[in-house]
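Input: a single structure, listed below in structure tokens.
The values are calculated or read from the model by the stated rules, or taken from the named source; none is laboratory data. Just so it is clear, the structure is predicted and the values come from calculations on it, not from any experiment. Cβ sites come from the backbone with ideal geometry, for glycine too, and all protein chains shown count toward neighbours. We work out accessible area using only protein heavy atoms, side chains counted, and drop any ligands, DNA or RNA first. Shrake-Rupley method; radii C 1.70, N 1.55, O 1.52, S 1.80 Å.
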Amino acid sequence: MGRSADLPRSSGEVDGDDTGCHVLHVDMDAFFVSVEIRTRPELRDLPVVVGGTEGRGVVMAASYPARVFGVRSAMSMGQALRLCPQLVVLTPNRSSYTEASSAIMRIFADVTPLVEPLSLDEAFLDVSGAVGLFGRPADIARLIRRRVFAEHQLTCSVGIAPIKSVAKLASGSCKPDGLRVVSKDGVLDFLHPLPVNALWGVGQRTAEVLRRLGIRSVGDLAVTPLDTLRRAVGAASADHLHALANGHDERAVNPAQVEKSISTDRTLAADLLTEAEVCRELLRGSGEVAERLRQAGWVARTVGIKIRFADFTTVTRVHTLAEPTDAASVVYSETVKLYRSLKLDRPRIRLVGVKAENLRPAGEATQLALDLFGDEPPAGAPTDRVIDALAARFGKPVVGPASLLGRSEHGSVGGFNRSIDRSGRLAAPGGNE
């Protein structure tokens, strides 16, 4: 999906005929920064970012005053500070963002059971069954915005449209703190002037291919012959993009859809040169991923790694386990095996990532174990449970692997990566804030 920064904006309310517009896309505004500012109101009107603070640190989220200087999420922290020397840089606090996200999702669920979260800070809602109780879709959007602000001192932007892809674009076009209705009859008028990279599925490479064909707007794409598009980007992508450009999107809001993966990655302040250094990062990442699996009530059948070298070449490897797990020790053991299978000779590594996918509810896995092994399931990870309990009571860090003691979180960059991703890819932090 194209970044909202690429869209023409008109913040505030853009109302219209919402008959048949049953899809809402709710997107929190500068979510990570806004959560931080709730407890630091003196920063409200200052340029603020959340992200890594040393070496190759990156911006995870930027406040709107920071964006005036050209600061954007995914930008290197060095570049952000050059653009705005007075920038206030805050270290990410993942638990605060997760807690705020859960509270906001509960507000959505009060309105409709048809809620499809996309990430911590955005979700689709189907409100077709809620209009009798709460009024027209635009009124429901106003109700959500009022509750989010009144209960959590956060703002959000809401797009209202007949289809998901247009609702998401609409929310991006009215940021921050806005509302926009795209009527059923006005979908093409809204879509066609937009830059082609605003469409869901047009990344940097695809946009460049389309530009070489003279396709710069969504309208250009809509009138391009399908055969031409298929030769340029392949049949599947061509059919998908051509349909979106002509206002066709058959996907329903799917509340049963679950995370395809939970992952974390870190860009290191200095290249890693030894296996011991890489294993230390794999240990850190395995602990984070396993903790998030347990918090979400999932176990993973597949474990993977992502390694990026100094020349930016990237390799990934995955392995499917005999039994699903949420244990850090199991995840770590598998990631080390995957890393050693690369058989690297004196590598220089700038990024290490750990990923868990093929997820299923933990209770389902426990029942399977009982079916296979009787009344006593296989030994789990009691140490992990104790660590979780200590963290819940006393906060972090309380206890952890000895090899990580005394090592600053700032030795690596981007301590929290918003990476629950339904497309199977690592989600870019703050892409539509």
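Remark: Ala161 falls outside the filter, which requires a residue to be closer than 14 Å to Leu24 by Cα, out of contact with any Cys (no Cβ under 6 Å at 6 or more places or on another chain) and crowded, with 24+ Cβ neighbours inside 10 Å. Among the residues of the range 178-207, those that are in a loop (DSSP other than H, G, I, E, B) and under 18 Å from Gly234 (Cα atoms) comprise Leu199, Trp200, Gly201, Val202, Gly203.
Applying the criterion of being at pLDDT 95 or above, in contact with a helix residue (DSSP H, G or I) (Cβ under 8 Å, 6 or more places away or on another chain) and open to solvent by less than 30 Å² (accessible area, probe 1.4 Å) to the residues of the range 319-348, the residue that is farthest from Leu293 (Cα to Cα) is Tyr339. Tallying residues that are touching a residue at least 24 places away in the same chain (Cβ under 8 Å) and either closer than 20 Å to Pro255 by Cα or not hydroxyl-bearing (Ser, Thr, Tyr) (or both) within the range 132-157 yields 16.
Scanning the range 266-287 turns up at least one residue that is at pLDDT 95 or above, touching a strand residue (DSSP E or B) at 6+ places or on another chain (Cβ under 7 Å) and of a type in the set (D, E, K, R). No other residue among Gly304, Gly285 is under 18 Å from Ser95 (Cβ atoms) and buried (at least 17 other Cβ atoms within 10 Å of the Cβ) apart from Gly285.
Each residue in the range 88-100 was checked for being hydrophobic (A, V, I, L, M, F, W, C) and open to solvent by less than 20 Å² (accessible area, probe 1.4 Å), and 2 pass.
Residues in the range 277-299 that are small (Gly, Ala, Ser) and touching a helix residue (DSSP H, G or I) at 6+ places or on another chain (Cβ under 6 Å): Ser286, Gly287, Ala290, Gly297.
When Arg72 is tested against (1) surrounded by fewer than 17 Cβ atoms within 10 Å (Cβ to Cβ); (2) of a type in the set (Lys, Arg); (3) closer than 30 Å to Thr264 by Cα, just one condition goes unmet, and that condition is (1). For Arg142, the conditions (1) open to solvent by less than 20 Å² (accessible area, probe 1.4 Å); (2) at pLDDT 95 or above are fulfilled apart from (1).
Restricting attention to the range 349-364, and to residues there that are assigned to a strand (DSSP E or B), closer than 13 Å to Val299 by Cβ and not charged (D, E, K, R), which single residue is least open to solvent (accessible area, probe 1.4 Å)? Residue satisfying both the conditions and the ranking: Ala356.
Looking only at the range 208-223, residues that are open to solvent by less than 20 Å² (accessible area, probe 1.4 Å) and either within 14 Å of Ala238 (Cα to Cα) or in a loop (DSSP other than H, G, I, E, B) (or both) come to 5 in all. Taken over the range 178-207, the criterion of being more than 22 Å from Arg231 (Cβ to Cβ) and either open to solvent by 70 Å² or more (accessible area, probe 1.4 Å) or hydroxyl-bearing (Ser, Thr, Tyr) (or both) is satisfied by Ser183, Lys184, Asp185, Leu188, Asp189, Pro193. Scanning the range 11-29 for residues that are outside any loop (DSSP other than H, G, I, E, B) and modelled with pLDDT of 95 or more returns Val23, Leu24, His25, Val26, Asp27, Met28. Filtering the range 232-287 to residues that are under 30 Å from His22 (Cβ atoms), part of a loop (DSSP other than H, G, I, E, B) and among the aliphatic types (A, V, I, L, M) leaves Ala252, Val253, Ala256, Val258. Is it the case that Ser286 is more than 25 Å from the chain's Cα centre (by Cα) and touching a residue at least 24 places away in the same chain (Cβ under 8 Å)? No, not satisfied.
Does Gly78 count as closer than 26 Å to Arg146 by Cα, open to solvent by less than 60 Å² (accessible area, probe 1.4 Å) and either in contact (Cβ under 8 Å) with a residue 60 or more places away in the chain or in contact with a Gly (Cβ under 9 Å, 6 or more places away or on another chain) (or both)? For Gly78, the condition - closer than 26 Å to Arg146 by Cα, open to solvent by less than 60 Å² (accessible area, probe 1.4 Å) and either in contact (Cβ under 8 Å) with a residue 60 or more places away in the chain or in contact with a Gly (Cβ under 9 Å, 6 or more places away or on another chain) (or both) - is not met.
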